[in-house]
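Novice: My questions will all concern the structure given below.
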Amino acid sequence: MALLVLGCSADVSADGLNGPEAVRYDPELDVFFVSNFNDEPAGDSNGFVSKLSPDGEVIVSKFMVGTEDRPFHGGRGMFIGVEFVEDRESKKPFDPALKLHNKVQAQAMDDGLLCYGMGGTIDGRCGDHILLAPPYNLNDRDQQELVEKLTAAVTAALPVHPSS
């Protein structure tokens, strides 16, 4: 299977890949990393990442692979940003001193969910967000686990407000 990368300083074409999906160029190393599904985009646990030169030569065919315990389903993915606000209507942010993004991230990671917390995302001081990066081929079971772990982390991290 071939891959054509457009929008680079020069178009890159490569043969010898197997279900190429996602491409990342690393300017420091001057190489491309290409995620391969290895025939089955539905996630058959045998995906891999290839390392290519800028001219399309495959430097390492299976640069990154999974294991039996930690299979690699092909490296396509998405980003999901979650913003936390004290008031939905006005979108008033939480007090930056709470560092809510850090609390959610720490709790999520304690529960086995990787996420990236970011603060000051509104004006450099206020605003709490987290970023999740699940694969596009996220199955229903793993999606449910992500939602459950994120919900638990947010619930544990949010300040308790007395009911009015």
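Novice: For residue 144, only one of the following conditions fails: (1) at pLDDT 90 or above; (2) part of a helix (DSSP H, G or I); (3) not aromatic (Phe, Trp, Tyr). What is its number?
Specialist: Of everything listed in (1) at pLDDT 90 or above; (2) part of a helix (DSSP H, G or I); (3) not aromatic (Phe, Trp, Tyr), residue 144 misses just condition (1).
Novice: Within region 54-67, does at least one residue satisfy the condition of being at pLDDT 85 or above, in contact with a Lys or Arg (Cβ under 7 Å, 6 or more places away or on another chain) and either farther than 20 Å from residue 19 by Cβ or not assigned by TED's automatic domain parsing to the domain that holds residue 26 (or both)?
Specialist: No, region 54-67 contains no residue that is at pLDDT 85 or above, in contact with a Lys or Arg (Cβ under 7 Å, 6 or more places away or on another chain) and either farther than 20 Å from residue 19 by Cβ or not assigned by TED's automatic domain parsing to the domain that holds residue 26 (or both).
The values are calculated or read from the model by the stated rules, or taken from the named source; none is laboratory data. These numbers come from a predicted model, not from an experiment. Note: ideal-geometry Cβ built from the backbone for every residue, glycine included; neighbour counts use all protein chains shown.
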